Amino acid sequence: MQKIYLLTTSAKKLLSYSLKAAILILAFVYIYRRINNDTNLKQFGILISRISRDKAVITMSFVFLLMLVNWVLEAFKWKYVARKLAKMTIWQSIEAVFCGLTWAVFTPNRLGEYGGRVMFLPNRKRILGIFAMAVGSFGQNVITNVLGLTALIWFAFTFHPINYFLAAGLSLAAIVFMGFLLVFYFNIGWLVSLLNKISFLKKYNRFFDIIGKYKTGELMNIMWFCMSRFFVFSSQYYLVIHLLMPAIPAFPMMMMVFIVFIVQSALPSLDLFDIGVRSMTASAFFIYITDQKIAVVAAVSSIWFINLIIPAILGSVFVLKLRFFDRAA
């Protein structure tokens with residue numbers, strides 16, 4: 001019996017090492033292929049070489065630091081959201097967040113981020129962790145949609161004058177939708193009630209019941225984390241775009257950035273090809289305020305590289321710490 005157990009343990013170790021190796025290989029192959037073929041990043045290098053070196057270095061250093069601030073804020077948010085499941089230090093939360101980013105680069109719609117992050121929770125809490133993480137993601141989407149729809153209303157009135165009644169109707173629809181998102185977020189327990197009414201899902205209610213355990217005060221705290229992150233990565237876009245195209249006024253620039261965020265969040269994509277979606281969206285909207293299409297695409301590509309690719313590379317270190325067969329409660 002002991003011999004069988006030892007063989008089983010050895011097999012689990014071998015499988016665990018194989019899974020870790022597979023994740024790292026997939027991540028680095030995708031990253032290498034994407035960076036190696038990215039002409040937008042090369043174009044960014046050319047554009048930035050024409051700017052004062054000191055100005056470029058200082059700006060990009062700030063952008064890099066903001067990337068760290070962004071993901072550390074996400075780590076604090078994850079620690080706060082996951083506290084109903086397990087206690088963790090902020091460093092453990094940082095490890096989980098960066099590991100999730102490594103998984104995210106080769107999975108559709110960054111779904112791997114969920115898997116990579118919850119693997120740092122005790123085995124029996126990992127499925128619950130997926131639903132807990134969804135609460136934080138929903139909060140981030142609410143911010144993106146509310147500010148993005150506001151920007152779209154501004155865009156419609158500014159660049160596409162339309163019939164007054166049609167404009168009023170579209171604006172009202174957008175405001176109602178924004179209100180619905182906010183009300184639904186702060187009453188997220190409604191989702192649990194809805195899921196419990198679906199017969200074939202009732203047997204899984206022990207998993208999604210975690211969603212209903214977040215009270216209004218806790219949801220507000222989560223929202224503050226989301227708003228802080230939104231401000232941070234919006235600032236990154238402002239710094240890079242202003243570096244390359246200083247003539248663009250701040251207000252229309254940020255409105256266009258908010259539109260890019262909402263369109264990009266609504267479209268399914270693979271993280272590594274997500275840059276194509278962002279570039280096309282940015283080009284389509286920024287053309288209304290600048291004719292420097294190449295600079296816009298290059299700016300978006302550089303931020304994508306700093307915010308997603310560099311953290312994914314850093315997160316590969318934490319993949320080695322994963323415990324696929326942890327039996328802890």
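Each value in this text was obtained by applying a stated rule to the coordinates, not by laboratory testing. Predicted model, so just to flag it, every value in this text is computed and none were measured. Neighbour counts run over all protein chains shown; Cβ positions are idealised from the backbone, glycine included.
Here the gap between residue 215 and residue 91, fully extended at 0.36 nm per residue and compared with their Cα-Cα distance, gives a gain of 42.1 nm. Site pair residue 194 and residue 56 shows an inter-label distance of 4.9 nm when each label is modelled 7 Å from Cα along Cα→Cβ.
Here the calculated FRET efficiency for residue 21 and residue 283, from their Cβ-Cβ distance with R0 = 41 Å, stands at 0.60, rounded to the nearest 0.05.
Computed from the C-beta positions of residue 164 and residue 83, the FRET efficiency with R₀ = 45 Å rounds to 0.35.
Please work out the FRET efficiency for the pair residue 294 and residue 228, using the Cβ-Cβ distance as r and a Förster radius of 25 Å; give the result to the nearest 0.05. Display every interim value, and only then the final one.
Values: r = 32 Å, r/R0 = 1.28.
It comes to 0.20.
Length gained on full extension, residue 123 to residue 154, computed as 0.36 nm times the residue gap minus the Cα-Cα distance: 6.4 nm.
Quick one: of 87/197; 79/125; 79/197; 84/197; 77/197, which pairs are farther than 21 Å apart, Cα to Cα? All intermediate terms of the calculation are to be shown ahead of the outcome.
Values: 87/197 32 Å; 79/125 14 Å; 79/197 31 Å; 84/197 25 Å; 77/197 30 Å.
Check vs 21 Å cut-off fails for 87/197; 79/197; 84/197; 77/197.
First select every other residue whose beta carbon is under 12 angstrom from the beta carbon of residue 127; then total the charges, Lys and Arg +1, Asp and Glu -1. Can you show the working numbers first?
Values: positive: 124, 125, 126, 206; negative: 209.
Summing Lys/Arg as +1 and Asp/Glu as -1 gives +3.
Suppose the chain between residue 69 and residue 172 were pulled fully straight at 0.36 nm per residue; how much longer would it get relative to their current alpha carbon spacing? Show your work: numbers first, answer last.
Working: separation 103, 0.36 × 103 = 37.08 nm, distance 3.58 nm.
The residue 69-residue 172 span can extend by a further 33.5 nm.
Quick check on region 131-238: take the gyration tensor over C-alpha atoms, sort the square-rooted eigenvalues as a ≥ b ≥ c, and tell me if it's rounded (a/c under 1.5), prolate or oblate.
On the way: a/c = 3.14, a/b = 1.63, b/c = 1.92.
It comes out oblate by the Cα gyration axes.
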